[in-house]
Amino acid sequence: MKTSTARFSDRVEDYVKYRPHYPQQIIELLKNKIELNIGSIIADIGSGTGISTDLFLNKGNKVFAVEPNNEMREAAELIYLKESNFISVNGTAENTNLEEHSIDIIICAQAFHWFTTETKNEFKRILKPTGHIVLVWNVRKEDDDFQNSYEMILKSIPEYNDVTHRNISDKEIINFFAPKPMQKESVANFQTFNSDGLKGRLKSSSYCPTEGDEYERLIQEIDMLFYKFEKDGIIKFEYETNVYYC
């Protein structure tokens, strides 16, 4: 099994093209709940190709994008080449390489399940005394036949059951924030895909094989799923974006 820092090296292109972004409502939520403002210094931990970073850059914030995977980090550097508020950092959640007490808000989007127990001490080190931690996940909804069928396909992948962020419970997040109280909000989110897009969404996931019989089986099942549920050549892929903050 690949290490957590190398898992996405061979699927960066699909990740950039097919992973979901985050609703703009998150910015307003954080303005109201933790006083996010244009002067807030952001550390995006496990920033990947910059999908979550983009939310804050668009609002004028300086963002330190901390990413250990070389291919993912280099993709973000290319995307934000002309963005002066984007600072790329080769680091991990446990060793960010950021200065002590330099950060107003730590954002971790779709990354918390990769962190180790040493992360909390590192976050305390880099946060200002009045700083905040925000964890964000796009969670696939499972309240219709398409979403349930897609989940069943994923469960047939042995590695999926080991690495999915769905294994992280609210209790674990509460314990991470303790002794501070955790707050939680949810925002609706979605993507629309044609047949190639739905397959690309699957291939962007770290647990999806990239070749061989297992890969071919999955692609065939995704094709069948698409043609069973598509409307006018499109599938609506719905999420609930959960925001945990302290």
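The values are calculated or read from the model by the stated rules, or taken from the named source; none is laboratory data. In this text the structure is predicted, and so the values were computed from the model without any measurement. Cβ placement follows ideal geometry from the backbone for every residue including glycine, while neighbour counts extend to all protein chains displayed. Side chains included, ligands, DNA and RNA excluded: accessible areas come from the protein's heavy atoms. Shrake-Rupley method; radii C 1.70, N 1.55, O 1.52, S 1.80 Å.
At a probe radius of 1.4 angstrom, the accessible area of the chain per residue rounds to 49 square angstrom.
Mind pulling the angle between the C-alpha long axis of helix 25-34 and the longest principal axis of the chain? Nearest 10 degrees, somewhere in 0 to 90. The answer is roughly 30 degrees. For Glu151, the accessible surface of its heavy atoms amounts to roughly 10 Å² (probe 1.4 Å, protein chains only, rounded to the nearest 10). When the charge dipole of the chain is built from unit charges on Cβ atoms (+1 for Lys and Arg, -1 for Asp and Glu) and taken about the Cα centre, the candidate among Thr210, Ile42, Val16 whose Cα reaches farthest toward its positive end is Ile42. Grab the other residues whose beta carbon is less than 13 angstrom from that of Leu218, score K and R as +1, D and E as -1, and report the net. Counting the neighbours of Leu218, the net charge comes to -2.
Here the stretch 61-219 is assigned +1 on the Cβ of each Lys and Arg and -1 on the Cβ of each Asp and Glu. Its dipole about the Cα centre then comes out at about 580 debye. Within straight-line reach of Lys203, meaning a Cα separation under 12 Å, sit the following aspartates and glutamates at least 8 residues removed in sequence or on another chain: Asp10, Glu13, Asp14, Glu211, Glu216.
For the chain, carbon and sulfur atoms together expose 48% of the accessible surface, with a 1.4 angstrom probe and every protein chain in place. The accessible-area ordering, largest first, of the residues Asp223, Asp213 stands as Asp213, Asp223, per a 1.4 angstrom probe.
Each principal axis of the Cα cloud of the chain was evaluated for its coordinate range; sorted largest first, these ranges are 52, 34, 33 Å. Of the residues Gln110, Asn85, Ile219, the one whose Cα sits farthest towards the positive end of the charge dipole of the chain is Asn85 (charges of +1 on Lys and Arg Cβ, -1 on Asp and Glu Cβ, taken about the Cα centre). Between Asn37 and Ile168, the distance separating the two model label sites (each 7 Å from Cα on the Cα→Cβ line) works out to 2.9 nm. The Cα center of the stretch 180-237 and the Cα center of the stretch 83-146 differ in position by 25 Å.
Between the beta carbons of Glu214 and Asn161, assuming R0 = 22 Å, the FRET efficiency works out to 0.95 to the nearest 0.05. When you filter the trypsin sites (Lys or Arg not before Pro) in the stretch 76-133 for DSSP loop state and at most 16 other Cβ atoms inside 10 Å of their Cβ, you are left with Lys82.
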